[in-house]
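K.L.:
Sharing a structure with you now.
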Amino acid sequence: MVIQISNKAARRIFLAKQGLSASPSRALSKPDLLQTIHDLGFVQIDSISTVERAHNQILFSRNQTFRREHLRQLLEDDRALFEHWTHDASIIPSAFYPYWKHRFRRREATMRIRWAKWHGEGFDRAFDETYAKIADGGAILAREVKQADHKSGGWWEWHPSKTALEFLWHTGKLAISARQNFQKVYDLSERVIPGDHLNEEVSHADFVDWACSSALSRLGFATHGEIAAFWDLVSPDEAKDWVSSNRSALDEVEIQCTGGAKSRASFAFAGLSPDPDDWPEPPARIRVLSPFDPLLRDRNRAERLFGFRYRIEVFVPEAKREFGYYVFPLLEGDRMIGRIDMKADRKAGVLNVARLWLEPKIRASAGRLARLDAELGRVARFAGVGEIVYADGWNAD
């Protein structure tokens, strides 16, 4: 029997799984922060800091007592977290490192072939030399190994040592031990990853089972393609085979999308309640999300569940942008209500709000604008600025 899940229930399930149903003002200790990241699975990193860097904003949107120093300590002192790749660069619990060792092996097999095409034969000559330099001399920044006479350009023109650093990191020989002004500091993995996680081995079957089951538990419900895409560790075929092999533990579910349409066949662990009242009602306050928030990472899923079409337009020429360079999604309760264009000017100490776009049928009522102003005040304080400056016509229809 296929279990029907209403759109309301689906949104509540997904928001709860994504850590957006609990009070954002509850006290968050350092162990609580680690648990939050564990429950999310990973937190994406991005260098753009129009208001705040993505990983900080993702965590702040879930709990506004989040402290950046706790995150730094978990990464650099406690080594409870490490940086590596999911679908993009991310912060990941170190307890998951044994599963990433399977990714390292897969990546090495494909990277040598692809990178030889990009960089030419002999591109790997610097690998052993770079590794030895770090083994003997300690942690190093990419700029410290750059060849002074090599032309600087795109990834296809990386100097050999930069290529070596990235290859050795992607294949697990190196790890990121810290960041200086957001630049990666590389060191040997055995000097960064705790030994119990570094040395643990899991079988291929256990790796696939963990990758799929842990993805589904964090998504609540998913197609086999969505299961595979969550971590980007296994292929869609591996996820499909996993679903087939675990049908006794899974229910087939049909999700009602916005507008009443039905989704493709999805799966959930048996016992997932389709009753929206069994899932917490998210806080009614407005929250500003990062463009890289995991709630929206799968743009198609977000559009089906919330009726919210979102794209990042950083690389779109200004004249062709529908909204703006770096526009922030707005969540109110269990609805995506719009997006806002804003930027923190830290020298002037202000948060400049350029434009607000509300979704169709969402009114710019006095109460809603007051809630938005209160949230922007919290965001401004987190970003280290003291005043909000609204541009003329910022709330134009």
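The values are calculated or read from the model by the stated rules, or taken from the named source; none is laboratory data. As the structure is a computational prediction, the values presented were derived from the model and not from experiment. All Cβ positions, glycine included, derive from the backbone under ideal geometry; neighbour counts span all protein chains shown. Areas reflect the complete protein model, heavy atoms only, side chains present, ligands, DNA and RNA absent. Shrake-Rupley method; radii C 1.70, N 1.55, O 1.52, S 1.80 Å.
K.L.:
Considering segment 1-20 alone, what residues qualify as being farther than 30 Å from ARG79 by Cβ and buried (at least 16 other Cβ atoms within 10 Å of the Cβ)? Before the answer, list the steps.
P.N.:
Initially, segment 1-20 is screened for residues farther than 30 Å from ARG79 by Cβ, giving 1-15.
Across segment 1-20, the qualifying residues are ILE3, ILE5, ASN7, ALA9, ALA10, ARG11, ARG12, ILE13, PHE14, LEU15.
K.L.:
Filter segment 341-383 down to residues that are assigned to a strand (DSSP E or B) and open to solvent by less than 20 Å² (accessible area, probe 1.4 Å) and give me whichever is nearest to THR258 (Cα to Cα). Give the derivation first.
P.N.:
Pass one, segment 341-383, residues assigned to a strand (DSSP E or B): 341-345, 350-358.
Keeping just the survivors that are open to solvent by less than 20 Å² (accessible area, probe 1.4 Å) gives 342, 344, 350-351, 353, 356.
Values: MET342: 28, ALA344: 34, VAL350: 37, LEU351: 34, VAL353: 30, LEU356: 23 Å.
Per the criteria, the residue is LEU356.
K.L.:
Moving to a separate point now. Please determine, by comparing only the residues of segment 32-49 that are out of contact with any Gly (no Cβ under 7 Å at 6 or more places or on another chain) and open to solvent by 20 Å² or more (accessible area, probe 1.4 Å), which one is nearest to ARG346 (Cα to Cα). Before you say what the answer is, go through the steps one by one.
P.N.:
Filtering segment 32-49 down to residues out of contact with any Gly (no Cβ under 7 Å at 6 or more places or on another chain) leaves 32-35, 37-38, 41-49.
The next check asks that each one be open to solvent by 20 Å² or more (accessible area, probe 1.4 Å); those that pass are 32, 34-35, 38, 46-49.
Numbers: ASP32: 30, LEU34: 29, GLN35: 31, HIS38: 32, ASP46: 19, SER47: 17, ILE48: 14, SER49: 11 Å.
Taking the candidates together, the pick is SER49.
K.L.:
Right, next: Among the residues of segment 197-215, write down those that are of a type in the set (A, V, I, L, M) and in a helix (DSSP H, G or I). It would help to see each step written out before you state the result.
P.N.:
Start the filter on segment 197-215 by keeping residues that are of a type in the set (A, V, I, L, M), which leaves 198, 202, 205, 208, 211, 215.
Correct list: LEU198, ALA205, VAL208, ALA211, ALA215.
K.L.:
Out of all the residues in segment 288-310, is one or more over 27 Å from GLN4 (Cβ atoms), within 24 Å of the chain's Cα centre (by Cα) and among the basic types (Lys, Arg)?
P.N.:
The answer is no; no qualifying residue exists.
K.L.:
To continue, here is another question. If you scan segment 248-295, which residues turn out to be open to solvent by less than 50 Å² (accessible area, probe 1.4 Å), under 22 Å from SER25 (Cα atoms) and not basic (Lys, Arg)? Show your work before the answer.
P.N.:
Going residue by residue through segment 248-295, those that are open to solvent by less than 50 Å² (accessible area, probe 1.4 Å) are 249-251, 253, 255, 257, 260, 263, 266-268, 272-273, 276, 279, 282-283, 286-295.
Right, trim to under 22 Å from SER25 (Cα atoms) and you get 279, 282-283, 286-295.
Matches in segment 248-295: TRP279, PRO282, PRO283, ILE286, VAL288, LEU289, SER290, PRO291, PHE292, ASP293, PRO294, LEU295.
K.L.:
Of all residues in segment 66-100, how many are of a type outside the set (Gly, Ala, Ser), assigned to a helix (DSSP H, G or I) and touching a helix residue (DSSP H, G or I) at 6+ places or on another chain (Cβ under 7 Å)? Break it down into steps so the answer makes sense when it comes.
P.N.:
To start, the set of residues in segment 66-100 that are of a type outside the set (Gly, Ala, Ser) comprises 66-79, 81-88, 91-93, 96-100.
Right, trim to assigned to a helix (DSSP H, G or I) and you get 68-77, 96-100.
From what's left, touching a helix residue (DSSP H, G or I) at 6+ places or on another chain (Cβ under 7 Å): 68, 70-71, 73-74, 97-99.
Qualifying residue count for the region: 8.
K.L.:
So, one more: Of all residues being in contact (Cβ under 8 Å) with a residue 60 or more places away in the chain and part of a loop (DSSP other than H, G, I, E, B) in segment 24-48, which is nearest to PHE66 (Cα to Cα)? Just the residue, please.
P.N.:
PRO24
K.L.:
Of (1) open to solvent by 10 Å² or more (accessible area, probe 1.4 Å); (2) in a helix (DSSP H, G or I); (3) closer than 19 Å to ARG179 by Cα, GLU52 satisfies all except one. Which?
P.N.:
(2)
K.L.:
Looking only at segment 134-147, which residues are within 32 Å of the chain's Cα centre (by Cα) and in contact (Cβ under 8 Å) with a residue 12 or more places away in the chain?
P.N.:
Going through segment 134-147, the residues within 32 Å of the chain's Cα centre (by Cα) turn out to be 134-135, 138-146.
Listed by number, the residues that qualify are ILE134, ALA135, GLY138, ALA139, ILE140, LEU141, ALA142, ARG143, VAL145, LYS146.
K.L.:
Among all residue pairs at least 6 apart or on different chains, which show Cβ distances below 7 Å where the first residue, located in segment 222-239, is crowded, with 20+ Cβ neighbours inside 10 Å and the second is aromatic (Phe, Trp, Tyr)?
P.N.:
Pairs found: ALA222/PHE267; LEU233/TYR99.
K.L.:
Write out, first by first residue and then by second, each pair whose Cβ atoms fall under 6 Å of each other, whose residues are 6+ apart or on separate chains, and whose first residue, in segment 62-77, is under 13 Å from ILE92 (Cα atoms) and open to solvent by less than 30 Å² (accessible area, probe 1.4 Å) while the second is hydrophobic (A, V, I, L, M, F, W, C) and assigned to a helix (DSSP H, G or I).
P.N.:
LEU74/LEU34
K.L.:
Does ASP209 qualify as being closer than 19 Å to HIS38 by Cα and acidic (Asp, Glu)? Even if it seems obvious, please write down each step before you answer.
P.N.:
On the way: closer than 19 Å to HIS38 by Cα: yes; acidic (Asp, Glu): yes.
Yes.
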